[in-house]
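Here's the structure, in structure tokens; my notes come after.
The values are calculated or read from the model by the stated rules, or taken from the named source; none is laboratory data. Keep in mind that what you see is a predicted model, and the values were worked out from it rather than measured. Cβ placement follows ideal geometry from the backbone for every residue including glycine, while neighbour counts extend to all protein chains displayed. SASA here: full protein model, heavy atoms, side chains in, ligands and nucleic acids out. Shrake-Rupley method; radii C 1.70, N 1.55, O 1.52, S 1.80 Å.
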Amino acid sequence: MLTLTETGSKTMTTLGEVAERVDDFSKDCHDELIPVEKITFNHLESMNIGSKAHYLRPAAQMEIAFRVGIPLHYLRKCPTSLQCDNMNHWMLQERNEDLFVRFDGNEVRAVFTRKYKPVDNHELISRLAELGYGEDTKVQCHLDPEFMLLNIPDVGRSFEIVKGDHMMPGISVSNSEVGLSSVTVAAYI
């Protein structure tokens, strides 16, 4: 997770620092369309593509369980041999010819159908720059490999409702590159 710097009573960083961290997280990331016939499972945490084993991160485990129609909480309770049997059996029933797989190095971070249209965090930050939010823009941020939340306060438009009750508007932008949420943009006060 991104470490934020303390500024007064608020935790703040800059959009430039967030962009650097996003670049660090994504340096080994890549995407591939994988034919379903090449996918087999050793257990809930390990997927083979051809003869090469790949660790499944928690988001990918959740997506695979959904994809094969087995409740994740049930799979987690099963012995690994039963996980393997169930997952491989139901993957044979998959309607799609291939799946869109998001990797971080050798690890699978997400599994989707071909219909999935990824929006990466660096694309959102680039779009914010095009809209005039520079690298030195102060933001509140939560960032980890699965989720990004940016709150961009508009300090110049802060106001008081009653004396001493300061309100500050801004925009909030969130995204998950692994399917935990879609891109959202919202106003806040």
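One way to sum up the overall shape of the chain is the equivalent ellipsoid from its Cα gyration tensor, whose semi-axes run 40, 17, 14 Å, largest first. Taking amide H as placed 1.01 Å from N in the peptide plane, the amide H of T14 sits under 5 Å from that of V139, each at least 5 places away or on another chain.
Taking every protein chain into account, the accessible area of the chain amounts to 58 square angstrom per residue (probe 1.4 Å). Between exposed trypsin sites (Lys or Arg not before Pro) in the chain, where DSSP calls loop and at most 11 other Cβ atoms lie within 10 Å, what's the longest gap? It runs 28-94. Determine the share of the range 53-189's accessible area contributed by carbon and sulfur atoms, expressed in whole percent, with a 1.4 angstrom probe. Of the solvent-accessible surface of the range 53-189, carbon and sulfur hold 56 percent. The angle between the Cα long axis of helix 80-91 and the main principal axis of the chain comes to about 90°, on a 0 to 90 degree scale. In this simple spin-label model, placing a label point 7 Å from the Cα along the Cα-to-Cβ direction at both L131 and Y55 gives a separation of 3.5 nm.
A Cβ-based charge dipole, computed about the Cα centre of the chain with Lys and Arg at +1 and Asp and Glu at -1, lands at about 600 debye. Would you mind classifying the range 68-168 by shape? Square roots of the alpha carbon gyration tensor eigenvalues, ordered a ≥ b ≥ c; an a/c under 1.5 is rounded, otherwise it is prolate if a/b is larger than b/c and oblate if not. Note, shape of the range 68-168 comes out prolate. Only helices enter the 222 nm calculation for the chain: every DSSP H run of n ≥ 4 contributes -39,500 (n - 2.57), and dividing by all residues gives -8000 deg cm²/dmol, rounded to 500. Shown here are the Rg and Dmax of the Cα trace of the range 118-189, at 13.8, 46 Å. With both labels modelled 7 Å from their Cα along Cα-to-Cβ, the K38 to Y116 distance reads 1.6 nm.
Rank-order 128-135, 117-124, 146-153 by packing density, defined as the average count of other C-beta atoms within 10 Å over each peptide's residues, highest first.
Result, highest mean Cβ count within 10 Å first: 146-153, 117-124, 128-135.
Relative to the longest principal Cα axis of the chain, at what angle does helix 121-130 sit, 0 to 90 degrees, rounded to 10? Helix 121-130 sits at roughly 30 degrees to that axis. Summing charges over all other residues whose Cβ lies under 15 Å from the Cβ of V108, with Lys and Arg as +1 and Asp and Glu as -1, gives -4. Given Cα pairs under 8 Å that are at least 6 residues apart, what percent is the relative contact order of the chain? Dividing the mean separation by the residue count of the chain yields 23 percent. Among H122, Q83, G16, which residue has its Cα furthest toward the positive end of the charge dipole of the chain, with +1 on Lys/Arg Cβ and -1 on Asp/Glu Cβ? Result: Q83, furthest along the dipole toward the positive end. A viscosity of 1.567 mPa s and a temperature of 4 °C, combined with the Kirkwood radius over Cα pairs in Stokes-Einstein, give a translational diffusion coefficient for the range 6-112 of 85 µm²/s. Restricting attention to the chain, lysine pairs at least eight places apart or on different chains and with alpha-carbon atoms under 27 angstrom apart total 15.
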